[in-house]
Amino acid sequence: QVQLVESGGGLVQAGDSLRLSCAASGRTFSSCVAGWFRQAPGKERQFVARINRGGVITAYADSVRGRFTISRDNTKNTMHLHMNSLKPEDTAVYYCAADFNQLADPAYWGQGTQVTVSS
């Protein structure tokens with residue numbers, strides 16, 4: 001069992017930056033591949049970023065590559081998503097997620113944090 005809680009969402013203007021945080025319970029978080037997803041109203045859930053167990057290997061959706069940076073600190077059971085040059089299309093509820101295997105269908109999810117980017 002891995003419990004995840006997101007924070008850091010808010011209302012910003014296009015071009016601004018924002019940092020999302022994900023706090024995980026238990027030391028087993030270090031055994032999980034983790035990452036971020038987002039979902040806008042009326043749209044499908046979208047993969048945003050992924051980070052491996054050691055925090056070295058990362059992957060990003062094309063739409064955020066170069067603007068977003070994912071990181072994790074297993075000693076603190078935390079994960080972050082630094083978002084730069086935000087666009088209105090980044091508006092969504094952002095979820096952190098984790099799984100002991102692959103992140104394609106994560107077993108553990110946070111409850112989400114709202115990010116709204118105005119133009």
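The values are calculated or read from the model by the stated rules, or taken from the named source; none is laboratory data. Quick caveat: nothing in here was measured; it's all calculated off a predicted structure. Because the Cβ atoms are built from the backbone with ideal geometry, glycine has one as well, and the counts that use them run over all protein chains shown. Heavy atoms of the whole protein, side chains included, go into the accessibility calculation; ligands, DNA and RNA do not. Shrake-Rupley method; radii C 1.70, N 1.55, O 1.52, S 1.80 Å.
Checking each residue in segment 78-107 for being within 14 Å of the chain's Cα centre (by Cα) and farther than 16 Å from residue 46 by Cα picks out 78, 79, 80, 82, 84, 99. Regarding residue 64, is this residue touching a Lys or Arg at 6+ places or on another chain (Cβ under 6 Å) and aliphatic (A, V, I, L, M)? The answer is no for residue 64.
Would you point out the residue of segment 1-39, among those that are in contact with a helix residue (DSSP H, G or I) (Cβ under 9 Å, 6 or more places away or on another chain) and not in a strand (DSSP E or B), that is least open to solvent (accessible area, probe 1.4 Å)? Step by step, filter segment 1-39, then rank; the result is 2. Listed by first and then second residue, the pairs with beta-carbon distance under 7 Å, at least 6 apart or on different chains, first residue in segment 89-104 and touching a residue at least 12 places away in the same chain (Cβ under 8 Å), second part of a helix (DSSP H, G or I) and open to solvent by less than 40 Å² (accessible area, probe 1.4 Å), are 98/29.
Counting only residues that are more than 25 Å from residue 26 (Cβ to Cβ) and either in contact (Cβ under 8 Å) with a residue 40 or more places away in the chain or open to solvent by 20 Å² or more (accessible area, probe 1.4 Å) (or both), segment 40-63 holds 9 of them. Within segment 110-119, if we keep just the residues that are more than 19 Å from residue 33 (Cβ to Cβ) and either without any contact (Cβ under 8 Å) to a residue 24 or more places away in the chain or small (Gly, Ala, Ser) (or both), the residue that is surrounded by the most Cβ atoms within 10 Å (Cβ to Cβ) turns out to be 112. Within segment 64-109, the set of residues being crowded, with 22+ Cβ neighbours inside 10 Å and part of a loop (DSSP other than H, G, I, E, B) comprises 64, 86, 106.
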